[in-house]
Amino acid sequence: MIEYIKKEVAASAETKQKILNDETFIAKIAEVAQACLDVYRSNKKTMLAGNGGSAADAQHIAAELVGRYGFDRPSIPSLALTTDSSNLTAIGNDYGYDRVFSRQVEGMGQEGDLFIGISTSGNSQNIINAFESAKAKGITTVALTGRDGGKMAQMADYALIVPSNTTPRIQESHILIGHILCDIIEKELFGEGV
């Protein structure tokens, strides 16, 4: 069991090392951070969504922004579209699960906002539909994916494709990227910058 645990930790570290060694990937994270800053400096908001573990990641990132990440400061507007059970069940019942996020983007999204769709495969239909709704409203889109990026990577304004085919490794890297974004946003808006 000890060796298995070490193997899992090593696999996680290896995926993150691939990200660290990829200057293009690091530059893309910086571009997404700047896009988020531009949104907030224009008094707009971010919205996030995902399914399963990616839904938890969406909620986690939004909570870090609305609450706090590293220090006390004013709240930063961010919505996880995964949290309103009445919306999710009503939209799912009336329009189908594929529309649970796109309807929310249609109703709450505004031109100049930013939507982050999280999917390890990059092929979650409800996120793809949300990207389409976002594009129609002039909302910037970010895909957090893995594997080959899927359809989402082709549609997004920014695609961060974790270099792994393993769902846990992809999700671990997604939350690392989310934390980096929260840290940069918070420090640039209310701290001494990075």
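Here ALA63, ALA130 are screened, and the one residue that is touching a helix residue (DSSP H, G or I) at 6+ places or on another chain (Cβ under 8 Å) and under 24 Å from VAL39 (Cα atoms) is ALA130. Considering LEU81, LEU37, LEU88, the condition of being under 16 Å from ILE184 (Cα atoms) and surrounded by 14 or more Cβ atoms within 10 Å (Cβ to Cβ) is satisfied by LEU37 alone.
For ILE185, indicate whether it is out of contact with any Phe, Trp or Tyr (no Cβ under 8 Å at 6 or more places or on another chain), hydrophobic (A, V, I, L, M, F, W, C) and surrounded by 16 or more Cβ atoms within 10 Å (Cβ to Cβ). Walk me through it before giving the result.
Working: out of contact with any Phe, Trp or Tyr (no Cβ under 8 Å at 6 or more places or on another chain): no; hydrophobic (A, V, I, L, M, F, W, C): yes; surrounded by 16 or more Cβ atoms within 10 Å (Cβ to Cβ): yes.
When the stated conditions are applied, ILE185 does not pass them.
Among the residues making up the range 152-165, a single one is more than 18 Å from LEU20 (Cα to Cα) and among the polar types (S, T, N, Q): GLN154. Filtering the range 79-108 to residues that are part of a helix (DSSP H, G or I) and in contact (Cβ under 8 Å) with a residue 12 or more places away in the chain leaves ASN87, LEU88, ILE91, TYR97, ASP98, ARG99, SER102, ARG103, GLN104, VAL105, GLU106, MET108.
When the helices (runs of 4 or more DSSP H) confined to the range 109-194 are screened for residues that are farther than 17 Å from HIS60 by Cα, at pLDDT below 95 and not aromatic (Phe, Trp, Tyr), none reaches at least 3 such residues.
To keep it simple, each residue is scored yes or no on (1) without any contact (Cβ under 8 Å) to a residue 12 or more places away in the chain; (2) of a type outside the set (A, V, I, L, M); (3) farther than 20 Å from THR24 by Cα.
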residue: ASP148; (1), (2), (3): no, yes, no
residue: LEU160; (1), (2), (3): no, no, no
residue: THR167; (1), (2), (3): no, yes, yes
residue: LEU181; (1), (2), (3): no, no, no
residue: GLY193; (1), (2), (3): yes, yes, yes
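Within the range 1-51, being outside any helix (DSSP H, G or I), hydroxyl-bearing (Ser, Thr, Tyr) and in contact with a helix residue (DSSP H, G or I) (Cβ under 9 Å, 6 or more places away or on another chain) holds for one residue alone: THR46.
The values are calculated or read from the model by the stated rules, or taken from the named source; none is laboratory data. Please read all numbers here as calculations on a predicted model, not as lab measurements. When we count neighbours, we look across all protein chains shown, and the Cβ atoms used for this are built from the backbone with ideal geometry, even at glycine.
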